[in-house]
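The values are calculated or read from the model by the stated rules, or taken from the named source; none is laboratory data. This is a predicted model, so every value here is computed, not measured. Every residue, glycine among them, receives a Cβ derived from its backbone with ideal geometry; neighbour counts consider all protein chains shown. Just the protein is used for accessible areas: all its heavy atoms, side chains included, with ligands, DNA and RNA removed. Shrake-Rupley method; radii C 1.70, N 1.55, O 1.52, S 1.80 Å.
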Amino acid sequence: MLVAGIDAGRSRTKVVTEGKKFAFPSQIVPFYEHGGEDVLKDENDMVIELLEPGAQEGEKFFVGEVTEFVQFGMDTQRTEQEKATMQARAFTLSALYRLGAMDEQPCIIGTGVPYIKLKEWGPLVKEMLEKKHRIRVYKRNGFQEQRIIHIANAFVVPEGMGVFYDDPTEQEMGIGELGSVTMNYLRMKKKRVMPGYSGSTEWGCDNLPKDIGSTPKDIANLVIAQFKSKKWPTNLPIRLSGGKTSEIVEHVRDEFPNTVAVPEPLFGNARGFYKIARAKAKQLV
């Protein structure tokens, strides 16, 4: 059994398992043939072919780091918010392949969707992932192999709750989880979310107009405004997570002085997702 937390974000896919963590760009480019030198050079350069279920023959994609060299001007980052997509599936399967998921090995994963979309998107993501996925992977030096990635259980939780489950507490607190195209903000009390004080935005670090979010101070002001709009007390303990946390945390403290950056904030959600999956896996044994 392989247990992992996978945060397939719009900028980077973050992966955590026992004793191991890594991230790769959430970038994808349709595969195309070319007559020049092979671009698959490094260990993590790969093309993934989604064979089944629901795939068309020849549905192949450059995924991850190699897309920097093959994108020919196209925008390879997803800026839509929806999570039950072919791209999210490809990133998740690539993550499990990189973790060394063996053929037919049951995988237990934790993953997430924006807080406000849990009821709508959670079942769709679960249905998309929980099955046997037959893929073919192409790598450097002509290497290729087929593998069946068996996602036996996918536990879908709100993004931001991963940050909480990473270090649960009874303390009343807030969580600000700033992503590329959304921010999830949760106010917690006695380990429960307070819905009237929580939600998800339709903006994140990568989809803001330059005149609104060009500096860390600008982004911090938007985060502060979101907290204030939900009437969070200025003395509320707050955990900040996400890739730009270190750049904005000091500015957020100007208004909310009890704000802290979680350790390795890029992996804040993924660590919690892993701990959820690990706990569920123990129950299944």
The simple spin-label model distance between LYS280 and MET1, using points 7 Å out along Cα→Cβ, in nm, is 1.2 nm
Could you point to the residue in THR215, GLN27, TYR185 farthest towards the positive end of the chain's charge dipole, with +1 and -1 charges on the Cβ of Lys/Arg and Asp/Glu respectively?
-> TYR185
Simple Cβ-charge dipole of the chain, Lys/Arg +1 and Asp/Glu -1, about Cα centre, in debye nearest 20 = 1280 debye
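Assigning unit charges at the beta carbon (Lys, Arg +1; Asp, Glu -1) and nothing else, what dipole magnitude in debye, to the nearest 20, does segment 150-189 show about its Cα centre?
Details: 2 positive and 6 negative charges, 29 e Å.
Value, rounded to 20: 140 debye.
If the chain between ASN235 and VAL39 were fully stretched, how many nm would it gain, using 0.36 nm times the residue separation less the Cα-Cα distance?
Roughly 65.3 nm would be gained on extension.
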Would you list, by chain and number, the aspartates and glutamates whose Cα falls below 13 Å from the Cα of LYS139, excluding same-chain residues fewer than 8 positions away?
-> ASP38, ASP42, GLU43, ASP45, GLU49, GLU65
In degrees, nearest 10, range 0 to 90: what is the angle between the Cα axis of helix 118-129 and the longest Cα principal axis of the chain?
-> 20 degrees
Whole-number accessible area per residue in Å² for segment 16-168, which is evaluated in the context of all protein chains at 1.4 Å | 46 Å²
Kindly provide log₁₀ I(q)/I(0) values, in the same order as q = 0.14, 0.17 Å⁻¹, from the Debye equation applied to equal alpha-carbon scatterers of segment 114-260.
-> -0.74, -0.94
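Counting alpha carbon pairs within less than 8 Å and at least 6 residues apart, what relative contact order, in whole percent, applies to the chain? Numbers along the way, then the final one.
Values: 616 pairs, mean separation 57.7, N = 285.
RCO, the chain: 20 percent.
Arranged from highest to lowest average of other beta-carbon atoms within 10 Å per residue, in what order do the peptides 155-162, 249-256 appear? Could the numbers behind the result be given before it?
Details: 155-162: 25.5, 249-256: 17.9.
Taking the mean over residues of other Cβ atoms within 10 Å, the ranking is 155-162, 249-256.
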Rounded to the nearest 10, the angle in degrees between the Cα long axis of helix 216-229 and the longest principal axis of the Cα atoms of the chain comes to 60 degrees
Would you mind checking which residues have amide H under 5 Å from PHE155's amide H? H placed 1.01 Å from N; only 5 or more apart, or other chain.
-> ILE109, GLY110, THR111
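Just need the relative contact order of segment 125-284 here, percent rounded to a whole number, with Cα pairs under 8 Å and 6+ apart.
21 percent
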Hits among aspartates and glutamates - C-alpha to C-alpha of LYS210 under 20 Å, sequence gap 8 or more where chains match | ASP75, GLU80, GLU202, ASP218, GLU247
To the nearest 0.05, the calculated FRET efficiency linking TYR32 and GLU202 through their beta-carbon distance, R0 being 22 Å, is 0.10
Between helix 268-284 and the chain: long-axis angle, C-alpha atoms, 0 to 90°, nearest 10 | 70 degrees
Asserting the computed 222 nm helical MRE of the chain (DSSP H runs at least 4 long, -39500 (n - 2.57) per run, divided by residue count, to nearest 500) equals -8000 deg cm²/dmol
Long pairs among LYS190/LYS217; LYS41/LYS282; LYS14/LYS60; LYS60/LYS275; LYS21/LYS60; LYS131/LYS191, criterion Cα-Cα beyond 28 Å = LYS190/LYS217; LYS41/LYS282; LYS60/LYS275; LYS131/LYS191
Taking a straight Cα-to-Cα line shorter than 17 Å from LYS280, and setting aside same-chain lysines fewer than 8 residues away, one finds LYS126
Using only the Cα atoms of segment 62-162, build the gyration tensor, take square roots of its eigenvalues as a ≥ b ≥ c, and label the shape rounded, prolate or oblate: rounded if a/c is under 1.5, else prolate if a/b is larger than b/c, else oblate.
-> oblate
Counted charge near LEU40, where neighbours are those whose Cβ lies closer than 9 Å (Asp, Glu -1; Lys, Arg +1) = 0
